[in-house]
Amino acid sequence: MSNWRAVVERAGGLDFDSASRDLAQLREALDRMNSLMSAATPSQQHGFEKRVAELKAPKKDVNALILDYLTMEGYPKAAAKFCKEANLQPQQPDPSIHSRQDIQQAIHSGNIETAISALNKLDPEILDTNPELHFSLLRLQLVELIRQCGSGDVTPALEFASKKLAPRAATNRDFLNDLEQTMSLVIFSHDSLRPELRALLSSDLRRTTASKVNEAVLLRQTQRREAAIRQLVRMRAWAETSARGKNKDLPESLQLGLNADSAEYGESSHEAMITT
């Protein structure tokens, strides 16, 4: 992946910028780890670190992981540009990739009604067979309405909640709790919200909802709901936990560098990779 930074710089565009946040962060973490290993003398290195330094992942395998990520996450332009930069053969066209990208962009920009309409157009059965996902989208739409109302007239938000969410919440305790929490945004000033309420107005809610929608579409169409690199990150975490549980000889700390607020690396402008 020696050409990774060049790929990021030349690919350009909002599409690639959004897609590359997690991967760029992972690459930076690997760069830091490799730099530390290279700087340390053999006597300073732990035996495990020596073995890791000797292992080199085939470039074609790493590039395949990146391309899989871009394709699965719904970034067709970035995938095409990466194929060109890395001299890869494009994957088989995914008929849903452009639709998934449009849906995610609508959610990230707060246009939830547009996202729901596009999702129903792509596959009407997704929301019909997944009431939790449907409620999550409607709840996010309510949050956006409340955000738009600000300190003004909240009638549109109240009407939407009564018509779209209340009937669903009446038969599901979890839905009711979520609805009551969301309606608290109408009551309290947004300048002095408790952390759990402030989180509803954070972009994180849009991001997690968009991710759930993307996974639901993938699961319907490919039987695989996420990029392979996410599975590898979880597998790596499990392997370390398992090894430590069996008292294997490992360094005190094995940093993968996926936490945006890691004290070791300081503040980061990138969001942390989601691994759960």
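The values are calculated or read from the model by the stated rules, or taken from the named source; none is laboratory data. Please read all numbers here as calculations on a predicted model, not as lab measurements. As a convention, Cβ positions derive from the backbone with ideal geometry for all residues, glycine included, and neighbour counts pool all protein chains shown. Note: accessible area is taken over every heavy atom of the protein model, side chains too, but ligands, DNA and RNA are not part of it. Shrake-Rupley method; radii C 1.70, N 1.55, O 1.52, S 1.80 Å.
Among the conditions (1) open to solvent by 80 Å² or more (accessible area, probe 1.4 Å); (2) modelled with pLDDT under 85; (3) among the aromatic types (Phe, Trp, Tyr), the only one that Tyr265 does not satisfy is (1).
Kindly indicate whether Arg168 is modelled with pLDDT under 95 and either out of contact with any strand residue (DSSP E or B) (no Cβ under 6 Å at 6 or more places or on another chain) or assigned to a helix (DSSP H, G or I) (or both). So Arg168 does not fit the description; no. Under the condition of being more than 23 Å from Leu127 (Cβ to Cβ) and exposed (fewer than 11 other Cβ atoms within 10 Å of the Cβ), the residues counted in segment 146-191 number 8.
When segment 50-63 is filtered for residues that are open to solvent by 50 Å² or more (accessible area, probe 1.4 Å) and assigned to a helix (DSSP H, G or I), the ones remaining, listed by number, are Lys50, Arg51, Val52, Glu54, Lys59, Lys60, Asp61. When residues in segment 173-190 are screened for being more than 12 Å from Arg139 (Cβ to Cβ) and either polar (S, T, N, Q) or touching a Gly at 6+ places or on another chain (Cβ under 6 Å) (or both), 2 of them pass.
Filter segment 128-156 for residues that are of a type in the set (A, V, I, L, M, F, W, C) and under 13 Å from Thr209 (Cα atoms) and give the result. Hits for segment 128-156 are Leu133, Phe135, Leu137, Leu138, Leu140, Val143.
For Trp238, the criteria (1) open to solvent by less than 40 Å² (accessible area, probe 1.4 Å); (2) modelled with pLDDT of 80 or more hold in every case but one, which is (1).
This table checks each residue for (1) over 26 Å from Asp102 (Cβ atoms); (2) of a type outside the set (A, V, I, L, M, F, W, C); (3) free of Cβ contacts under 8 Å to residues at least 60 places away in the same chain.
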position	(1), (2), (3)
Asn120	no, yes, yes
Glu125	no, yes, no
Leu142	no, no, yes
Arg147	no, yes, yes
Lys164	no, yes, yes
Gln181	yes, yes, yes
Val186	yes, no, yes
Ser189	yes, yes, yes
Ser202	no, yes, yes
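Listed conditions (1) of a type outside the set (Lys, Arg); (2) surrounded by 12 or more Cβ atoms within 10 Å (Cβ to Cβ); (3) at pLDDT 60 or above are all met by Met33, apart from (3). Looking at segment 216-229, which of its residues are touching a residue at least 40 places away in the same chain (Cβ under 8 Å), open to solvent by 50 Å² or more (accessible area, probe 1.4 Å) and closer than 20 Å to Ile116 by Cβ? Within segment 216-229, Arg220, Gln221 qualify. Taken together, Val233, Val213 contain a single residue that is open to solvent by less than 30 Å² (accessible area, probe 1.4 Å), under 30 Å from Asn63 (Cβ atoms) and touching a Ser or Thr at 6+ places or on another chain (Cβ under 6 Å), which is Val233.
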